[in-house]
Every structure is written in C-alpha cells, then in structure tokens.
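Student: Structure incoming, see below.
Bear in mind that the values in this text are calculations on the coordinates, not laboratory data. The model shown is predicted, which means the values in this text are computed figures rather than measured ones. Quick reminder, even Gly has a Cβ in these numbers, built from the backbone with ideal geometry, and neighbours come from all protein chains shown.
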Amino acid sequence: MSTPEQRPETAPDVDATSQALGPAPSPAVPDADASPAETGSVAPSEQRRRTHPITPLVTGWKIVIGVVAVISAQNIARLIDDFTVTRALIGAGVLVAAIVVAIAFSALVWWFTTYMVDEDGVSLHMGVISKSREYAPRARIESVSVERPLLARILGLAKVRVEVAGGGESYLDIEYVKSADAEDLRRRILGVATSTSTAVAGGAGAVGAGDRAQEADVDESVDTARGATGAASSDGAGNTATSTSGGTLQEVLYDGVTDGELIAKIPTERLVRSLLRDVGFLLGIVVSIVGVAVAIILAIWQDGLSFAVIIALLPTAIAVPKYVFGRIESGWGFISRITDRGLRMRRGLANTRTDNIASGRIQRFELRRPLLWRTPDWTAVSVTVAGIDDDSENGAQSALPVGTREELWSTLGHLAAPLGTADDLATLEHLLTAPAREITGVRTPIRAWWIARRTQVTVLLPGALIHRSGIVSRTVQIVPRERIQELTLEDDPFGRKLGVLDLKVGIAGYTLALGSLAREDALALHGVLARDARRLRRYQDREHWPQPALRLLGSETTNSTGADSQEVR
C-alpha cells in the first residue's frame with residue numbers, strides 16, 4: 001500500500017542567512033509541585049496527536065472524483081449509447097463501492113498519521129506499511145498558514161500548512177483540525193520558530209496564558225518601532241481597531257484576523273471596481289471567451305452536436321467563470337494586520353486562508369499599478385519570501401491585492417527596509433507615476449529597441465536595486481541589496497557586436513533579469529552589487545536582520561553608500 005509522498009526531511013538551503021539558529025535553548029525546568037497546566041508541558045504519550053476523526057470524509061471524496069472523472073472521460077459516449085436501467089444500477093453500485101473503499105482507505109491512512117509540535121520543530125509521521133516522517137526544524141520554519149477549503153469550512157475544519165525554507169514544495173501539511181484549534185496550533189508553531197516558548201504542547205488544545213504572554217514579546221524590535229512612531233491600532237479613521245466583527249456579514253468576510261494593528265481592508269465594491277479597471281484582466285477574459293468559443297465550434301464541426309460532446313467540452317466552458325471567480329476570491333474579504341509575527345492576512349470566499357509573512361524574510365517587493373488604477377491611486381503588492389512557493393493570485397505572496405495610497409504606504413512601512421533616500425515614500429511614488437524617460441537610471445542603449453528604452457529603467461539606491469517596467473501596467477520591483485545572493489553576467493557574439501551585456505540578479509526564490517545593458521553600466525552595476533554580496537550578507541541570526549523601518553526614515557536617512565548609488569530625480 002502506497003503512502004503519501006515523502007518530502008525531504010530538511011529543505012535545501014537556498015538562503016545563506018537561513019542557517020540554523022544554533023542549539024535550541026534549554027527548556028525551563030518546571031517546579032516539582034507545579035501542575036502540567038502551569039508548566040505548559042504534557043505527558044509524552046499526549047505529544048503525538050491525530051487530526052480530526054472526520055478527516056477521511058474530507059479527503060476521501062478526492063479519490064472518488066478522480067475515478068469518476070477518468071471513467072467518464074474515456075467512456076462517456078459508450079455509456080450514453082448503451083444506457084439501460086440495469087447498467088445504471090450497476091454503475092451506481094460500483095460508485096457506492098468506490099466511495100466506501102475511498103473512505104476506508106482514507107481512514108486507514110488517517111489512523112497511521114500523527115503530528116507533533118515540540119521545542120525542536122514540527123514532525124508528521126505517516127505510513128501503513130512503509131513508515132515516513134516529515135520534519136520541519138524550527139530554524140527553517142518561514143510561515144504558518146491556515147487554509148479552509150469549502151467542504152472543510154462547512155464541517156468546521158481547517159488545514160495548517162507549515163512553510164519551510166527551501167525550494168519548490170517545501171512545506172508540511174496538517175490536515176484537518178478544528179478551526180479554533182488550528183489558530184492555537186498556528187500560534188504554537190510560530191512560537192517554536194522564534195524560540196520563545198519554554199514548552200510546547202503537542203496537541204491542538206488551547207494555548208496557556210504564559211505562552212500568550214511570551215508571544216507578545218517575541219519581536220521587540222517591531223514593538224520598539226511602533227513605540228517610536230506612536231502607532232496605535234486604528235482603522236484609518238482614528239478609531240481603535242479592537243475587532244472587525246460588526247455583524248453577521250462582517251464576521252463572514254473578515255473572520256479569524258482580529259489581533260494587531262490594522263493595515264489594509266478591501267471592501268467588496270473596491271475589489272469589483274478594480275477588476276473592471278484592470279485592462280489585463282479584461283483582455284484575459286476576452287481571449288479566454290474567444291478560445292472557448294473556437295474550441296466548441298471546432299468540436300461540433302468535427303463530431304456534430306451530441307450529449308457526449310457537450311460533456312467533453314464542459315471543462316472548457318467553465319474555464320472563464322473559474323478564472324473570474326479566482327480573481328474575485330483572491331481579494332474577497334481581504335484584511336491584513338501587523339502582529340508580533342509579521343504581516344497576517346486573511347482572504348477568500350468559498351475557500352478561505354490565513355497567511356503569516358515574517359517581514360525579515362521578504363526577499364523582493366513588486367508593486368503593480370495598471371493604467372486605469374492610476375486615477376484612484378490603487379496599487380497591488382506582491383512579495384517573494386524564501387521558502388514560500390505560492391505566487392498565485394490567491395497565494396500567500398499577494399500582500400495587497402488592491403490598496404489605496406495609505407494602505408500601500410502602511411504595508412511597505414511595516415515590511416520594507418529603508419531605501420536610503422531623503423524621502424523613500426516620495427521616491428517610490430515618483431517611480432510609480434513618472435514616465436520611464438523622466439527617471440534617471442540605467443537602460444538599454446540600443447535605439448532599435450525603443451519600447452524597452454521608453455518603459456524599462458534600473459535604479460540603484462543605497463538600500464535597494466529597483467527595476468521599473470511595463471507599458472499599460474506599470475511594475476516596480478524592489479530588491480534589497482543585502483538580499484542578493486547571485487550575480488551572473490551573460491555575453492554572446494551578438495551582444496558584443498552591440499556593446500551590451502545581460503545581468504541576472506539572483507535572490508532566494510527569484511531571479512531578476514536586466515537585459516541588454518551597456519557593457520560599462522552592466523560591469524559597474526555588477527561590481528557594486530558583488531561588493532554588497534560580500535559585505536552585507538553577514539547576518540546569521542534572523543533577529544539581526546535589518547528590521548523594516550521604511551516609515552521611520554525620512555530626511556534623517558544617511559546615505560552610507562552614496563558613491564555607488566544613483567538618485568532618482
């Protein structure tokens with residue numbers, strides 16, 4: 001009997017600064033007279049826990065749907081032509097048997113699947129005949145998200161995903177536990193990752209008051225930054241944001257994220273208007289509709305109109321509604337708050353998810369402002385995080401699907417490191433709004449490539465490398481200079497003839513390609529960034545990474561590397 005796919009026990013090291021945090025701190029010795037509740041410890045037999053008992057019902061239907069889809073796709077025409085009541089009853093019986101077998105198999109897998117959370121990390125034990133163990137060391141844990149697919153949400157269950165530093169699918173899934181227990185489990189895992197908990201319970205029970213008190217102190221630098229600016233939890237109108245629940249609809253839209261300082265909250269009206277103003281989204285719908293119509297016409301022209309053809313074309317017909325629904329769901333009920341663990345986000349309509357991004361682990365920012373978003377000053381923000389390979393519209397890397405100028409600055413102010421200019425926010429606004437020809441920077445010298453010359457420009461600032469691109473939709477990519485891991489210069493006979501070089505800037509999880517730069521510009525930029533890679537990437541402990549303080553800096557910012565940078569005018 002096969003077992004679930006076994007991922008590597010330790011993820012590959014793609015970030016030099018993601019090295020282990022050193023030996024785990026010695027756990028506090030509990031008082032001999034103290035109760036287990038007071039010490040926060042549990043008996044060893046209670047540390048390995050199973051997920052919720054109805055998990056097989058949530059996972060078993062996938063097997064049934066797969067079997068039915070394969071049989072239908074291969075034999076739909078024959079099933080329709082040879083239809084009889086007897087065969088229909090036999091088919092129904094086979095389907096019921098498949099459901100029973102699928103649930104029984106899922107139940108067997110569930111019985112032999114246990115998880116455990118301790119001071120060293122998170123482990124998942126699986127396997128009936130062949131045993132396997134997935135392990136997420138505490139030093140490698142990057143983020144913990146809570147996902148609620150539609151069926152699981154109806155049953156009051158949730159999946160906890162532990163993202164681990166590495167490449168590809170480096171994560172560990174605990175599916176499924178009660179929704180309330182999932183939040184407690186998320187807090188405990190994050191407590192382990194920051195090495196602040198003295199003892200961690202292995203089950204899905206409630207977190208003790210002592211654990212909550214320690215969680216409030218895990219990131220003193222973030223608290224200090226808030227104190228320096230006098231920041232308060234407000235909703236943007238001066239009212240203290242203590243809870244987002246203002247009624248049944250509000251509880252459905254914004255459930256699960258009520259702690260921390262409010263950063264962004266996307267109303268449904270703004271989300272719908274942003275989609276109608278997104279030229280790329282509208283063009284995608286038009287192209288998809290035309291493609292589906294052509295596919296249907298060709299199928300009917302070759303095979304004629306029949307029930308079998310309609311069934312076969314059904315997946316193609318629902319492609320457009322699925323695409324539209326996916327874009328709506330990516331921002332539906334979106335709310336983000338800054339907490340001691342970083343930025344916490346909630347989104348989703350049918351399938352909801354709650355993600356947590358540690359600000360110190362962000363490798364790159366991407367700001368996108370389509371043409372028709374410029375009048376209301378809306379901007380979308382996505383990030384690249386080491387260890388998180390989830391860049392879909394509804395993924396964890398979408399930090400702000402569509403935000404106002406205030407929400408954009410608040411998001412960047414808590415997540416982005418200083419750029420090193422006299423006014424970082426004004427600099428970013430200039431990069432987003434000004435035509436590319438008015439931005440001082442490095443661009444291709446080839447006049448024949450006039451589109452690239454008029455739309456793409458690279459600017460080196462004291463704190464970051466910035467690349468502006470896009471014609472209809474302007475995009476600004478921000479790569480902090482201390483995050484750069486790899487630099488590659490590419491040359492070829494054609495490039496030598498034109499006097500250009502290609503420069504690729506590699507960070508954990510992404511590579512920024514700067515094409516066709518003048519040879520002297522590419523070599524100079526490579527020399528500066530190579531020196532950064534040697535001097536700036538010296539932090540071994542994540543607590544010593546430069547804390548995001550973009551909003552704290554202004555005219556007092558000092559230009560420590562001004563000789564190597566080019567100011568934006």
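Student: Can you tell me which of 176-186, 507-517 comes out highest on packing, and rank the rest after it, using the mean Cβ neighbours within 10 Å?
Tutor: 176-186, 507-517
Student: What pairs from 322/504; 62/322; 265/322; 159/265 go past 27 Å between their alpha carbons?
Tutor: In this structure, 322/504 exceed 27 Å between Cα atoms.
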